[in-house]
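Below: one structure, written as structure tokens.
The values are calculated or read from the model by the stated rules, or taken from the named source; none is laboratory data. The structure presented is a predicted model; accordingly, all values stated were derived computationally and were not measured. Virtual Cβ from ideal backbone geometry, glycine too; neighbours counted across all protein chains shown. Accessible surface areas use protein heavy atoms only, side chains included; no ligands, DNA or RNA. Shrake-Rupley method; radii C 1.70, N 1.55, O 1.52, S 1.80 Å.
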Amino acid sequence: MTISALDRKLLRDLWAMKGQALAIALVVGAGAAMFVAYLSNFESLRRTRDAYYERQRFADVFATLKRAPRALEEEIAAIPGVLAVETRVSVDVALDVPGLAEPASGRLLSIPAVGRPRLNDVFLRRGRFPEPGKPDEVLASEAFCKAHRFGPGDSLRAVVNGRRRTLRIVGVALSPEYVYSIRPGELIPDDRRFGIFWMERRALGSAFDMEGGFNEVSLKLAPQASVDEAILRLDRLLAPYGAFGAIPRRLQFSAWTLENELTQLANFGLIVPAIFFFVAAFILNVALTRALALQRPQIASLKALGYGNAALAWHYLKWGLGISMVGAALGLVAGHRLGLAMVGLYNQYFRFPSLDYRLTLEVGLGAVGVSLVAAALGAAIAVRRAVRIPPAEAMRPEPPARYRPSFAERTPLLARRVTHATRMILRNLERTPARAAASVVGIGLAGAILVVGFVFTSAMEEIVGSTFSLAQRQDATLAFVEPLSAGALHEVERLPGVLAAEPARNVAARLRSGHRHRDVALTGRALEPRLERLVDRYGHVVAVPPSGLALSRKLAEILEVGVGDEVAVEVLEGRRPTARLRVASLVDDALGLGATIELGALHRLLGEGESLSGARLLVDADALPALNARLKGLPAVSGVAFKRTMLESFRATFAENMNIMVTFSVIFAGIIAFGVVYNSARISLSERERELASLRVLGFTRAEISLILLGELAVLTLLSLPFGGLLGWGLSAWIVATFENEIYRIPLVVHASALAWSALIVAAAAFFSGLTVRRKLDRLDLVAVLKTRE
């Protein structure tokens, strides 16, 4: 294959600037790696989810209720658009797990004695299904079994309808309903203290007086059926039986959580790489603009030899495209490795039969395509300006810059203190302000990306502080099987080690505003709660309104309401009262969707006395063993959540996942910082080789000419630091607003430490870049440089 003269020139030019080319390629590669890692995980998760949902016949509509006769199934199946109906019994129980000090919680779900569930079928990982006539045999969820190293043949004890029973695990299973398994009322998974168990229907029904009845129903709808219409008709049928309101698949907790994570991945995969590609395009534009300025005579000669503007433009565009292709290749390799690491994290808390990482051709081609587009855009402006110069003008060297005293020299107090080297540095910066500004912006962009990474790390700590220190001041939270009278609080206060107790009352409610609605837990709080307070994501305590509702800001956005607006509240428990309540305040909280009402107002709305569905406890740490032993024997308690374990779970899921992603972002941003600074220094050396060689001939030492070149780099780096910090703050604010979802909202926290660390990394990149350029400066061939045409 013949290589054209221009292509040979291109290869020689790229080899001559290999250091700069590699630095730019690394920046492109960082963007491509982020693109590949996030979007390939997005595709892997979505593909796995869709296949799993279809294979296990995941339902489209879900509803829970108190109790309904199985005869109602025929009426439910007659709802237009319903293809399949599955009813079952579901009960939450307290567990006594060997090796676990505190009581755990379990959810018992019924499965047919013969055959498989028509909907929400379980996936048997190990063992076998429970046999008919053996009421204590269960399947256990894989996450719970892994946390305790349980397997077929192991046993644990449960409080089943007030009686302690031994459950024998005969199989380990997964379910599409519990891809993300979490205890009711919490947002953080805890596999050691919450498990799902499947028991033969007759055994579970007889234990809870549910023979011939059900308290959960799922529907599969035809593709053309209206989900809203099916929910409306189902709610009407179930209303006399204590229904808690039907929900579509998108609001089923596990599916909702997984969808939010997919949305987050897609956002990360598009927004974060876009920032990296923008920086790469900017660096390439600066590097190519200054490189082409040095090739003015060559461009003129090529034009004189008959090469047209289009041929030359394509030749120089290939500079950028060649560098970008190398970067894209590096990015594909790094992104694939990073994607494998990320999918390992998702396998820890999203439970699929098989979550395999796959880098699809579409994602790979997308990364290469975006890399090339970024390179083309970055190079196009520089190339267009260079090739449009007429040959006669290009043959002449650029007119020399007009030197004049710098600002420091014109200032009497500073003029006498300015050394010769400093004078040269300042004059060069002042005579090329556009070039200096471009360098400052480039280095500042690298600093800004570093600030964003450190801001996210600080945000996780802010969430931990506001949620687990300021909001939740209790040590433990009890949940009761059924709401109890106010006298139960006195019994709780007498438990071993309990120093203080605060009542908790939560009810399932549907909030409506026009055609918009959302099912939430309506929480009653005292006007001045002692243990659990309303706190926003920045740690500010929010007062409980004496009347009306305090809504999460995110929930208010979903309902499209603001302070002063009214929402319809439909309680989904007991007598199912309804009321129209005013939105008294909005809470910009960090986790979940909350609705709070004053405790007395909630009791009046429910038409009940001072009942409670749980309690918040302040506990003496020394008495924890006695308290746990006592709680395990209380049939009225369905579960207990300790703040310490919730904090551990939070750090092991959300915080760990976010911090790993941020760590990789910071590493890639450090690569950008080095690439930007090194390019700036290397190009400055190329432009000033003759000038610096002349100074060496005139008697300047290597250290003195190094000071001139690297001093300029130091000034540019110092100027970029405040710009990078300010830009990083603005970029962080934009990303935080973009990445908000219904599970968590990240606070914008820009600590001085984030600015300091980003400045330190940029300074380190400048230092190592300076060392690299200094070595090249030391090897400067004075004779060869001085022979070049001015």
Can you list the strands (runs of 3 or more DSSP E) lying wholly within region 474-571 that have 3 or more residues being closer than 19 Å to ALA584 by Cα?
498-513, 516-525, 549-552, 566-571
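Results for (1) assigned to a helix (DSSP H, G or I); (2) at pLDDT 70 or above; (3) among the hydrophobic types (A, V, I, L, M, F, W, C), shown as yes or no for each residue.
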residue	(1), (2), (3)
ALA367	yes, yes, yes
ALA394	yes, no, yes
VAL418	no, no, yes
ALA438	yes, yes, yes
LEU445	yes, yes, yes
VAL451	yes, yes, yes
Could you look through region 688-736, keep only residues that are acidic (Asp, Glu) and in contact (Cβ under 8 Å) with a residue 24 or more places away in the chain, and pick out the one that is farthest from ALA438 (Cα to Cα)?
GLU704
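When you scan region 270-293, do you find a residue that is of a type in the set (A, V, I, L, M, F, W, C), modelled with pLDDT of 90 or more, farther than 30 Å from GLU740 by Cα and open to solvent by 10 Å² or more (accessible area, probe 1.4 Å), even just one? Don't jump to the end; show me each part of the working.
Filtering region 270-293 down to residues of a type in the set (A, V, I, L, M, F, W, C) leaves 270-272, 274-284, 286-288, 291-293.
Within this subset, residues satisfying the condition of being modelled with pLDDT of 90 or more are none.
There is no residue in region 270-293 that is of a type in the set (A, V, I, L, M, F, W, C), modelled with pLDDT of 90 or more, farther than 30 Å from GLU740 by Cα and open to solvent by 10 Å² or more (accessible area, probe 1.4 Å).
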On the basis of being open to solvent by less than 10 Å² (accessible area, probe 1.4 Å) and either within 27 Å of SER613 (Cβ to Cβ) or without any contact (Cβ under 8 Å) to a residue 24 or more places away in the chain (or both), does PHE144 make the cut?
yes
Look at region 357-387 and say how many of its residues are more than 29 Å from the chain's Cα centre (by Cα), surrounded by fewer than 20 Cβ atoms within 10 Å (Cβ to Cβ) and among the β-branched types (Val, Ile, Thr).
1
Looking at region 152-166, can you tell me whether even one residue there is open to solvent by less than 10 Å² (accessible area, probe 1.4 Å) and in contact with a helix residue (DSSP H, G or I) (Cβ under 7 Å, 6 or more places away or on another chain)?
yes
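Any residue at all in region 736-751 that is open to solvent by 70 Å² or more (accessible area, probe 1.4 Å) and either part of a helix (DSSP H, G or I) or at pLDDT below 75 (or both)? Give the derivation first.
Within region 736-751, the subset open to solvent by 70 Å² or more (accessible area, probe 1.4 Å) is 751.
From the residues that got through so far, the ones that are either part of a helix (DSSP H, G or I) or at pLDDT below 75 (or both) too are none.
Within region 736-751 (the criterion being open to solvent by 70 Å² or more (accessible area, probe 1.4 Å) and either part of a helix (DSSP H, G or I) or at pLDDT below 75 (or both)), the answer is no, since none of the residues qualifies.
Yes/no matrix, rows are residues, columns are (1) without any contact (Cβ under 8 Å) to a residue 40 or more places away in the chain; (2) open to solvent by less than 30 Å² (accessible area, probe 1.4 Å):
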{"position": "THR432", "(1), (2)": "yes, yes"}
{"position": "ILE443", "(1), (2)": "no, yes"}
{"position": "VAL451", "(1), (2)": "no, yes"}
{"position": "PHE454", "(1), (2)": "no, no"}
{"position": "SER469", "(1), (2)": "yes, no"}
{"position": "GLN472", "(1), (2)": "no, no"}
{"position": "THR477", "(1), (2)": "no, no"}
Test set (1) buried (at least 20 other Cβ atoms within 10 Å of the Cβ); (2) closer than 28 Å to GLU742 by Cβ; (3) at pLDDT below 80 - ILE299 fails condition number
(2)
Going by the structure shown, is SER105 within 30 Å of ARG165 (Cβ to Cβ), modelled with pLDDT under 90 and either of a type outside the set (Phe, Trp, Tyr) or in a strand (DSSP E or B) (or both)?
yes
When the residues of region 53-70 are narrowed to those that are within 29 Å of GLY242 (Cα to Cα) and of a type in the set (D, E, K, R), which ends up surrounded by the most Cβ atoms within 10 Å (Cβ to Cβ)?
ASP60
The listed residue being within 28 Å of ARG473 (Cβ to Cβ), open to solvent by 10 Å² or more (accessible area, probe 1.4 Å) and either out of contact with any strand residue (DSSP E or B) (no Cβ under 8 Å at 6 or more places or on another chain) or not in a loop (DSSP other than H, G, I, E, B) (or both), out of GLU648, GLU610:
GLU648
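Results for (1) buried (at least 23 other Cβ atoms within 10 Å of the Cβ); (2) over 27 Å from LEU124 (Cβ atoms); (3) touching a Lys or Arg at 6+ places or on another chain (Cβ under 9 Å), shown as yes or no for each residue.
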{"residue": "VAL36", "(1), (2), (3)": "yes, yes, no"}
{"residue": "ALA51", "(1), (2), (3)": "no, no, no"}
{"residue": "LEU72", "(1), (2), (3)": "no, yes, no"}
{"residue": "ASP92", "(1), (2), (3)": "no, no, yes"}
Report the residue count in region 195-234 for those that are over 30 Å from PRO98 (Cα atoms) and not in a strand (DSSP E or B).
15
With a cut-off of at least 1 residues that are aromatic (Phe, Trp, Tyr) and free of Cβ contacts under 8 Å to residues at least 40 places away in the same chain, name the helices (runs of 4 or more DSSP H) lying wholly within region 1-95.
5-16
Might you check whether a residue that is buried (at least 17 other Cβ atoms within 10 Å of the Cβ), at pLDDT 90 or above, closer than 25 Å to ALA239 by Cα and of a type in the set (Val, Ile, Thr) occurs anywhere in region 565-580?
yes
Please go through region 522-548 and pick out each residue that is buried (at least 19 other Cβ atoms within 10 Å of the Cβ) and acidic (Asp, Glu).
ASP536
